[in-house]
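Structure first, commentary second.
The values are calculated or read from the model by the stated rules, or taken from the named source; none is laboratory data. Because the structure is predicted, anything quoted here is derived from the model rather than measured. Cβ atoms come from the backbone with ideal geometry, glycine included; neighbour counts cover every protein chain shown.
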C-alpha cells in the first residue's frame, strides 16, 4: 500500500485481513480467557485495526471496506480461506460471499479489475453545497400493463430475427420531426445540418432514447450535445474511447457554451465536479463507476457504442450498470448510443446497446417495448409479427441515415485494391510459412477423419470437419498469439511487414501528385518502416499511435491539417480509426487489413466526412497470391450485415467470422487441390 500499488487482489486481501481481525476480536471477547490474557489479546488486535485504518487513510477507496455492511469482493472469500489455512484456524466465510456470487452484475460487480477512487473535487462539490446532492424522490416507477398475448414468450431472438429478415426494403429510422424549431438552442455562428437538427427536434418533442446510428462523419457528436441542451439533461455523462476525449471537450466548448465539460483522466485529480458535462473513457470507467453512479446524472451518451457489444466485458458491465442507476433514479433521462457501425460481427451486437437504452433487460423486452409488441395481438408464430416488431424497436429511437441520403454534398467514396508482388527472401519466407500452415491443417484434418467412429466413406470434403479443424486452429492461435508456431495472426503480421515499404512508396507517389495522404497500418513495426521511407524521401509526416497522450495526438493532427509541409499522417488503425477529422486529405492508404469491415470503414471515414469537397479513394495494398487477398474478399463479403439490418438492403447477411473463414478457405483449397 505504501508503494501505491492498489490492485484488485490488494483490495481483496485488505478486506480479508479486516474480516479476520473482526472475527478474532469476537472470539476473544466471547472466549473464556482470563482477564489479563484477554486484555493483552484485545490490545494486540486493536493495534492491527489501527494499522488497517492508517493504511486506508491514504487510499479513500479502502475505507468503505472496513464497514461491517460493505460488499464482499469476489476474491475475498478465497483469500480468507488461505489465511485461515496458513494460520491453522477455522475461519468462517462471510455470509455475503454466496449472495455476491448469485447476484447480478449490477449488484455484485464481479471481476472488477480497477481500484476505486473518488476525486477530491467530487467530495468538495458535495461539501460546498449539500443541495447539489442528487434527489431521487421522483424516481420513476413502472406502470406498464402486463403482457397478455406475449406472456411467457421468449422474444429477444425473434426481435433480432426481425432485423435480419423483415426489413422489407425499409430503412431503420424512426419518423423524424420538422427541425425548424431548434435554431434558438444553437450558439451564434454555428449551424446544424437538417439531419442533425431532426435529432434535436425529436428530443425537444419528448423523445429520450436514441440509437443514433448515422454513418460515420455525419455529426453525431454535435447532435447529441445540442439534444442534451434542449432537454436540460445536465449533469451529462459522456463515455468515449480514449482517443476522442479531447475532441469531445472541443465539441462541447463549441455546442454547449452554457455548460462546461470536464474530462476525467487517471484518478480524476483534475476533474471539475461543478461542470455540466463529464467525459470519461472506457478504460478507466471502472475506477470511477461508484461516484459516477451516485452523481445524479440526468443524461448519458455512449460514443462508439459498438465498444460495449460484448456484454461480459468489464467496459460493458460498467456502462450497463451506470445506465440502470440513471434510469432507476431519474425521470425520463436522455440516453444516447452513438455509433456509425452498430453491428461488427453479428446481429446480437444490438443487445448490449438496447439494454443500455432500457429497451430490453438481460432476458426480455422492457415495459415500453413489451406494451408495443403486445398491442399488435400477434406472436412470433405469425409471419406479420416480425416487420411489426422491427418497427416497434425502431420507433423507440433508432436513427439511421446514410451520407447519400442526407449529405449530398459529400462525394462518393470508393475502395481501390492495389495488388503488390512480394519478392526477395521475405516473400519466400512468407510463402514457405503459408505452406507449413496449410500442411499442418491438412494433417489435422486427415487425423481427425481417420479417428472418426463413423467409418462411412466420405465423398469429397467433409465440410463440417473442415470447420472443426479451422476452429481448433483459430482457438489455439488466439491463445498463443504470435509467440509460438505459424498461425493466421503471425502470417498477417509478416505480410504487413513485407508490404510496408511498398505501401509507403505508393503513398509517396500519391502525396506528390494528389496532396495530403492518410496512411493506416495495424502494427507498430509497419508504421516504423513506412515512417523511415518518408524520412528518407524528405516527405514531412506526423503520426497517431496508441501510446501517445491526447495532447501529443492532437498536436500531430493539427500539424497534418494546418502545415503544408506535413504531407502524410501515419496512423494506427486502432488508435486513429475513430474520433478524428482528417478531411484535409482525400486519399487513404490501407497498408494492412483489419479483421472487420467496420474498422476499415471507420478509418476511411476519418477523411470521408461533412465538409469534404473531393472524391475520396481508399487504396488497399494487397499482397498478391497470399492469404491477404482472401481476407480482403471475406471482409467485403461481411460488409453486407449492417446494410441489411439497418438500411433495409436486400443483400444477403453474412455473419461469417473472417478469421475462421480465412482458415477454412486455406484448408478447403488445399484439400481440393489434392
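Just so you know, in the stretch 328-350 the residues that are under 13 Å from the mean Cα position of the chain (by Cα) and under 30 Å from residue 232 (Cβ atoms) include one that is surrounded by the most Cβ atoms within 10 Å (Cβ to Cβ), and it is 337. Screening the candidates 92, 119 for the property of being at pLDDT 65 or above, buried (at least 18 other Cβ atoms within 10 Å of the Cβ) and over 14 Å from residue 13 (Cα atoms) yields one hit, 119. For the stretch 230-249, a residue qualifies if it is in a helix (DSSP H, G or I) and in contact with a strand residue (DSSP E or B) (Cβ under 9 Å, 6 or more places away or on another chain), and the qualifying residues are 231, 242, 243, 244, 245, 246, 247, 248, 249.
For the stretch 498-544, the set of residues classified as touching a helix residue (DSSP H, G or I) at 6+ places or on another chain (Cβ under 6 Å), surrounded by 19 or more Cβ atoms within 10 Å (Cβ to Cβ) and assigned to a helix (DSSP H, G or I) consists of 498, 500, 504, 526, 529, 530, 533, listed by residue number.
What are the residues in the stretch 203-214 that are free of Cβ contacts under 8 Å to residues at least 40 places away in the same chain and part of a helix (DSSP H, G or I), if any?
Answer for the stretch 203-214, where residues must be free of Cβ contacts under 8 Å to residues at least 40 places away in the same chain and part of a helix (DSSP H, G or I): just 204.
One line per residue, one yes/no per condition, for (1) modelled with pLDDT under 80; (2) in the same structural domain as residue 15 (by TED's automatic domain parsing); (3) in contact with a strand residue (DSSP E or B) (Cβ under 9 Å, 6 or more places away or on another chain); (4) not in a loop (DSSP other than H, G, I, E, B):
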position: 44; (1), (2), (3), (4): no, yes, no, yes
position: 49; (1), (2), (3), (4): no, yes, no, yes
position: 64; (1), (2), (3), (4): yes, yes, no, yes
position: 68; (1), (2), (3), (4): yes, yes, no, no
position: 71; (1), (2), (3), (4): yes, yes, no, no
position: 101; (1), (2), (3), (4): yes, yes, no, yes
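If you go through the stretch 27-38 and keep only what is loosely packed, with under 12 Cβ neighbours inside 10 Å, out of contact with any helix residue (DSSP H, G or I) (no Cβ under 8 Å at 6 or more places or on another chain) and within 22 Å of residue 83 (Cβ to Cβ), you end up with just 30.
In the set 561, 584, only one residue is surrounded by fewer than 22 Cβ atoms within 10 Å (Cβ to Cβ) and assigned to a loop (DSSP other than H, G, I, E, B); that residue is 584. Based on what the data block shows, is residue 227 part of a loop (DSSP other than H, G, I, E, B), farther than 20 Å from residue 580 by Cβ and in contact with a helix residue (DSSP H, G or I) (Cβ under 6 Å, 6 or more places away or on another chain)? Answer is no for this residue. Checked against (1) farther than 19 Å from residue 664 by Cα; (2) under 36 Å from the mean Cα position of the chain (by Cα); (3) modelled with pLDDT of 80 or more, residue 431 passes all but a single condition, namely (1).
Residue 192: assigned to a loop (DSSP other than H, G, I, E, B), outside the structural domain of residue 301 (by TED's automatic domain parsing) and in contact with a helix residue (DSSP H, G or I) (Cβ under 9 Å, 6 or more places away or on another chain), yes or no? When the stated conditions are applied, residue 192 passes them.
Taking the criterion of being part of a strand (DSSP E or B) and over 16 Å from residue 224 (Cβ atoms), the only residue of the stretch 276-328 that qualifies is 281. Does residue 317 satisfy the criteria of being surrounded by fewer than 20 Cβ atoms within 10 Å (Cβ to Cβ), at pLDDT 85 or above and farther than 15 Å from residue 211 by Cα? So residue 317 fails the test. Scanning the stretch 545-558 for residues being crowded, with 16+ Cβ neighbours inside 10 Å and either farther than 21 Å from residue 245 by Cα or touching a residue at least 40 places away in the same chain (Cβ under 8 Å) (or both) gives a total of 3. Can you find a residue that is in a loop (DSSP other than H, G, I, E, B) and closer than 29 Å to residue 593 by Cα anywhere in the stretch 411-420? The answer is yes; a qualifying residue exists.
Applying the set (1) on the phi > 0 side of the Ramachandran plot; (2) surrounded by 23 or more Cβ atoms within 10 Å (Cβ to Cβ) to residue 252 leaves exactly one unmet item: (1). Among the conditions (1) more than 30 Å from residue 616 (Cα to Cα); (2) crowded, with 17+ Cβ neighbours inside 10 Å, the only one that residue 472 does not satisfy is (2). Considering 603, 624, 576, the condition of being farther than 16 Å from residue 517 by Cα, in contact (Cβ under 8 Å) with a residue 24 or more places away in the chain and not assigned by TED's automatic domain parsing to the domain that holds residue 282 is satisfied by 624 alone. Give me the pairs, please: first residue somewhere in the stretch 293-310 and free of Cβ contacts under 8 Å to residues at least 60 places away in the same chain, second residue anywhere and in a strand (DSSP E or B) and crowded, with 20+ Cβ neighbours inside 10 Å, beta-carbon distance under 7 Å, and either six or more positions apart or on two chains. Filtered contacts from the stretch 293-310: 308/302.
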